[in-house]
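Notes to accompany the following structure.
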Amino acid sequence: MDFELPGEDDPRRVEVREWLAAHPRPSGRELAEAGYVAPHWPRPWGLDADPIHQLIIDDELRGAGVSRPPNPIGIGWAGPTLIHAGSQEQKERHLFPILSGEELWCQLFSEPGAGSDLASLSTRAVRDGDSYVVNGQKIWTSLAHVSTFGILIARTNPDAPKHRGISYFICPMDMPGIEVRPIVEMTGAHTFNEVFFDDVRIPVENLVGEENEGWSLAKVTLGNERVSLSGEGALWGRGPTARDLLDLVRTHGGVSDPVLRQRLASLFIEAEVLRLIRLRTVSAVVQGRSPGAEASIRKALADEHGQHIMGLAKDLAGTAGMLSDVGPLGEPAAEWAYGYLFAPALTIGGGTSEVQRNIVAERVLGLPHDLAAT
């Protein structure tokens, strides 16, 4: 597909500029109601935008210095799953607050004994009248300590095969019986959490889709998660990019070391490959197709790319890179020092690189699920 953007006089571009002129400092709710937070979503939450329209809106918002509301799990993962399988009442209640950033969301999937093999989860949800009683534990739950809602998968039929008997719920995070404990990273920051469920009663109307059919919805969420986690920034779509690091090097007159120059060239090549794969993925999503194996390809590459960016940034600082207050080529170090320490998590969170490569092997290359199958 040709991703060359239309010129300055394109009517879609003019429309966005006129709206921005009337809303120079738009709130999250105004952006959501205009359809500019997730333009490819169906109306009334989006604009049914095609890939070019989506990219035009992105370009205009970026040029005006307007940022979308920060709600990565809600907008990137929960919202698309609710559009796919949520009831009309669930869509009306949750989608605009998700888009506006008024209600943050977290993802209650991974467990201490069910990470890469997520379908082996043991958290139970037992129907009791008009509620499901939930008991169990989740781990590595980003933003659980600040979230209003979570997307939860729990086993509702323990006698079914492990990929069956799982149900998908909307979980209010302030319900009695929920305990959130922080996991402090080596960065010193607190993003991840453990979440414990002790006889938590989730209303039946919070079930998404059919009981015992939640695994298919979890796969929809995970596909969108891998698209979201492989965004442009080095740290799961956030933070500095390869372009930022290359610009710093140019500003300081380049480097003379041939090994560093080759690493910089490789970083640029990786970034371009990832950009083109991302455009393919965006095209598929806005055309209504679920993210396919290309999402796993891009996430596996993007995670290692993020580590390459942060590792090279530290090496460019020389011996001063051992200090927490010195970044590449003497630049301020806050985001670079944090990024270097956080980067090891990239190839684990959201599905390990090994899991992503297994998906590619099976779905693209047609290899068997395991050696025993040959």
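The values are calculated or read from the model by the stated rules, or taken from the named source; none is laboratory data. What you see is a predicted model, and the numbers here were worked out from it, not measured in a lab. Using ideal geometry, Cβ is built from the backbone for each residue, glycine included, and neighbour counts are taken over all protein chains shown.
Close contacts from segment 300-329, counting a first residue that is over 18 Å from Thr352 (Cβ atoms) and a second that is in a loop (DSSP other than H, G, I, E, B) and at pLDDT 90 or above, with Cβ to Cβ under 6 Å and a gap of 6+ residues or different chains, come to none at all. What do you reckon, is Val200 out of contact with any Phe, Trp or Tyr (no Cβ under 7 Å at 6 or more places or on another chain), free of Cβ contacts under 8 Å to residues at least 60 places away in the same chain, of a type in the set (A, V, I, L, M, F, W, C) and not assigned by TED's automatic domain parsing to the domain that holds Gly349? In short, no.
Please tell me if Asp303 is more than 25 Å from Trp77 (Cβ to Cβ), at pLDDT 75 or above and of a type in the set (D, E, K, R). Here the answer is no, as Asp303 does not meet what is asked. Just one residue in the set Val37, Val16 is surrounded by 20 or more Cβ atoms within 10 Å (Cβ to Cβ) and assigned to a helix (DSSP H, G or I); that residue is Val16.
Would you check which residues across segment 40-67 are in a loop (DSSP other than H, G, I, E, B) and free of Cβ contacts under 8 Å to residues at least 40 places away in the same chain and list them?
Hits for segment 40-67 are Arg43, Pro44, Gly46, Leu47, Asp48, Gly65, Ser67.
Can you pull out every residue in segment 328-342 that is surrounded by fewer than 21 Cβ atoms within 10 Å (Cβ to Cβ), aliphatic (A, V, I, L, M) and either modelled with pLDDT under 75 or under 15 Å from the mean Cα position of the chain (by Cα) (or both)? Can you show your working first?
Within segment 328-342, the first condition is being surrounded by fewer than 21 Cβ atoms within 10 Å (Cβ to Cβ), and the residues that meet it are 329-332, 334-335, 338, 341.
Narrowing further to those that are aliphatic (A, V, I, L, M): 329, 334, 341.
Leu329, Ala334 - these are the residues of segment 328-342 that are surrounded by fewer than 21 Cβ atoms within 10 Å (Cβ to Cβ), aliphatic (A, V, I, L, M) and either modelled with pLDDT under 75 or under 15 Å from the mean Cα position of the chain (by Cα) (or both).
Considering only residues of segment 343-374 that are of a type in the set (Gly, Ala, Ser) and at pLDDT 80 or above, which is nearest to the chain's Cα centre (by Cα)? Reasoning before the result, please.
Narrowing segment 343-374 to residues of a type in the set (Gly, Ala, Ser): 343, 345, 349-351, 353, 361, 366, 372-373.
Narrowing further to those that are at pLDDT 80 or above: 343, 345, 361, 366.
Working: Ala343: 15, Ala345: 14, Ala361: 23, Gly366: 27 Å.
The selected residue is Ala345.
Results for (1) outside the structural domain of Gly351 (by TED's automatic domain parsing); (2) surrounded by fewer than 22 Cβ atoms within 10 Å (Cβ to Cβ); (3) at pLDDT below 95; (4) in a loop (DSSP other than H, G, I, E, B), shown as yes or no for each residue.
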residue: Val134; (1), (2), (3), (4): yes, no, no, no
residue: Gln137; (1), (2), (3), (4): yes, yes, no, no
residue: Ile153; (1), (2), (3), (4): yes, no, no, no
residue: Asp159; (1), (2), (3), (4): yes, yes, yes, yes
residue: Ser167; (1), (2), (3), (4): yes, no, no, no
residue: Val180; (1), (2), (3), (4): yes, yes, no, no
residue: Ile183; (1), (2), (3), (4): yes, yes, yes, no
residue: Met186; (1), (2), (3), (4): yes, yes, yes, yes
residue: Thr191; (1), (2), (3), (4): yes, yes, yes, no
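Checked against the criterion of being surrounded by fewer than 18 Cβ atoms within 10 Å (Cβ to Cβ), modelled with pLDDT of 75 or more, in contact with a His (Cβ under 9 Å, 6 or more places away or on another chain) and not assigned by TED's automatic domain parsing to the domain that holds Trp41, the candidates Ser256, Ser266 yield just one match: Ser266. Filtered by the rule that a residue be among the small types (Gly, Ala, Ser) and either closer than 18 Å to Val14 by Cα or surrounded by 17 or more Cβ atoms within 10 Å (Cβ to Cβ) (or both), segment 65-84 gives Gly65, Gly74, Gly76, Ala78, Gly79.
Under the condition of being closer than 27 Å to Cys106 by Cα and small (Gly, Ala, Ser), which residue from segment 43-64 is surrounded by the most Cβ atoms within 10 Å (Cβ to Cβ)? For segment 43-64, the residue satisfying everything is Gly46.
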